[in-house]
Amino acid sequence: MLSLPPLPLATDKPWRDKLTLLLESTGDGIFGIDLDGRCIFINRAGAAMLGYTADQAIGRNMHKLIHHSHRGGTHYDEPDCPIFRAFRQGQPCRVDSEVFWRADGLAFDVEYSSYPIVDDGEVTGAVITFLDITERRRAEELLRRAKDELESRVADRTAELSAALTRLRELSAHTHGVREEERTRIAREIHDELGSLLVALKFDVNWMRRRLADREDLARKCDAMARSIEGAVENVGRIITDLRPSILDHQGLLAALEWQIQEFREATEMECESRINIAAGVSAPGGALAIAVFRIFQEMLSNVARHANANKVSIAITLDQDALAVAVADDGCGAPAGAFERADRYGVMGMRERAGHFGGTVAIVSSPGIGTSARLVIPCAAMAEEVRP
């Protein structure tokens, strides 16, 4: 509460002059009212903001003079006025959401505070300080509009980027599909053409070997040719499998993953621990999703073989009603944080794009000297669309 002597009743002229000088030197509007709401003093800045002279304001009910209506012009009841509650109910206030009305009938945004005036322990009125905050409100409105426009632009650009990302993923998925179809075609042609040719050559060499039994040098040459042809047949079979494992088409995803684990064991001779948990009544996905999961798994194991320098690998495959999860963890050299987020990590980007097309994710956690853990998760919604019959 503010304890001030009412100016008109002050008898100490030096004190009154100093107080008047203080009030007149401030840029804030200040006026005082008595218990009936009549103005008992107002400084020059306050009178100028309101468009009145001090003589025109003193003695007038200030609520009826400058605070009679809300912003929209509806009547503002005096009992609801926070300024009057300051002395009638002992409730000081600070308000910045209302308007005062000038002498010309125009309203302006105002921030005001009202505190009771206490004289000898009794409330005799209130003192009100106020500021014209029209420019502040205008700046806030401009800032709000700029923010709204910026948010709208960001939303539009985000939508455009999201649509572009969707189209990019669809293109990527189409490209992977075309690539898999081409691999299948090439594998079939190699099997049908080159494989048949090698088998025929082997029969011919064996035919020659039987007829050259009395020519030891030619017989040895035929044996060497037969071994070369057998090696070529094995290499052709390996190439065909790399292009398109027939087990994926004939026995399904889980069998293909088990086969790939065994191939990895034999190729790297690492200690490989694997766990496969399949919930009852849940079928493995097929089609494009099965191919995507298999290729991502191949890339995970390939990264371990090429970069990890590991001794042990742990593989966990889980399939239930919620998701298909494939995790590969090694005890290798690891990598610094963020290494797998670099723009030139095309293998990681490829895995994530394949997974993202089906709503899945690929998370990689790695620390130098500790190892790397990669985890693929495909949600049940994607699996439901491409379940192996």
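Just a yes or no: is a residue in region 72-83 out of contact with any Lys or Arg (no Cβ under 7 Å at 6 or more places or on another chain), in the same structural domain as residue 40 (by TED's automatic domain parsing) and part of a strand (DSSP E or B)?
Initial filter on region 72-83 (out of contact with any Lys or Arg (no Cβ under 7 Å at 6 or more places or on another chain)): 72-83.
Keeping just the survivors that are in the same structural domain as residue 40 (by TED's automatic domain parsing) gives 72-83.
From what is left, the residues that are part of a strand (DSSP E or B) are 75.
Yes, because at least one residue in region 72-83 is out of contact with any Lys or Arg (no Cβ under 7 Å at 6 or more places or on another chain), in the same structural domain as residue 40 (by TED's automatic domain parsing) and part of a strand (DSSP E or B).
Pairs needed: first member in region 93-118, in the same structural domain as residue 28 (by TED's automatic domain parsing); second member anywhere, in a strand (DSSP E or B) and among the polar types (S, T, N, Q); C-beta distance under 6 Å; at least 6 residues apart or different chains.
If the second residue must be in a strand (DSSP E or B) and among the polar types (S, T, N, Q), the pairs left are 93/114; 94/113; 113/129; 117/124.
Look at region 344-364 and say how many of its residues are aliphatic (A, V, I, L, M), surrounded by 14 or more Cβ atoms within 10 Å (Cβ to Cβ) and without any contact (Cβ under 8 Å) to a residue 40 or more places away in the chain.
3
In region 52-91, what residues are surrounded by fewer than 11 Cβ atoms within 10 Å (Cβ to Cβ) and among the β-branched types (Val, Ile, Thr)?
Within region 52-91, 74 is the sole residue that qualifies.
Based on this model, can you work out whether residue 199 counts as surrounded by fewer than 14 Cβ atoms within 10 Å (Cβ to Cβ), of a type in the set (A, V, I, L, M) and in a helix (DSSP H, G or I)? I'd like the intermediate steps shown before the answer.
Details: surrounded by fewer than 14 Cβ atoms within 10 Å (Cβ to Cβ): yes; of a type in the set (A, V, I, L, M): yes; in a helix (DSSP H, G or I): yes.
For residue 199, the condition - surrounded by fewer than 14 Cβ atoms within 10 Å (Cβ to Cβ), of a type in the set (A, V, I, L, M) and in a helix (DSSP H, G or I) - is met.
Name the single residue that is farthest from residue 258 (Cα to Cα) among those in region 280-326 being touching a Gly at 6+ places or on another chain (Cβ under 6 Å) and outside any helix (DSSP H, G or I).
Result: 309.
Listed here are the residues, each with its yes/no results for (1) closer than 23 Å to residue 175 by Cβ; (2) of a type in the set (S, T, N, Q).
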| position | (1), (2) |
| --- | --- |
| 312 | no, no |
| 331 | no, no |
| 352 | yes, no |
| 366 | no, yes |
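So, residue 214, is that one at pLDDT below 85 and part of a helix (DSSP H, G or I) or not? Working first, answer last.
Working: at pLDDT below 85: yes; part of a helix (DSSP H, G or I): no.
No; evaluated as a whole, the condition is false for this residue.
Which condition breaks for residue 341 when tested against (1) within 30 Å of the chain's Cα centre (by Cα); (2) surrounded by 14 or more Cβ atoms within 10 Å (Cβ to Cβ); (3) not polar (S, T, N, Q)?
(2)
Out of all the residues in region 244-266, which are of a type in the set (Lys, Arg) and at pLDDT below 85?
Scanning region 244-266 gives a single hit, 244.
Quickly run through region 62-103 and pick out the residues that are under 45 Å from the mean Cα position of the chain (by Cα) and among the acidic types (Asp, Glu).
Answer for region 62-103, where residues must be under 45 Å from the mean Cα position of the chain (by Cα) and among the acidic types (Asp, Glu): 96, 98.
The values are calculated or read from the model by the stated rules, or taken from the named source; none is laboratory data. None of the values given here were measured: they were computed from a predicted structure. Here Cβ is always computed from backbone atoms with ideal geometry, including for glycine, and neighbour counts include all displayed protein chains.
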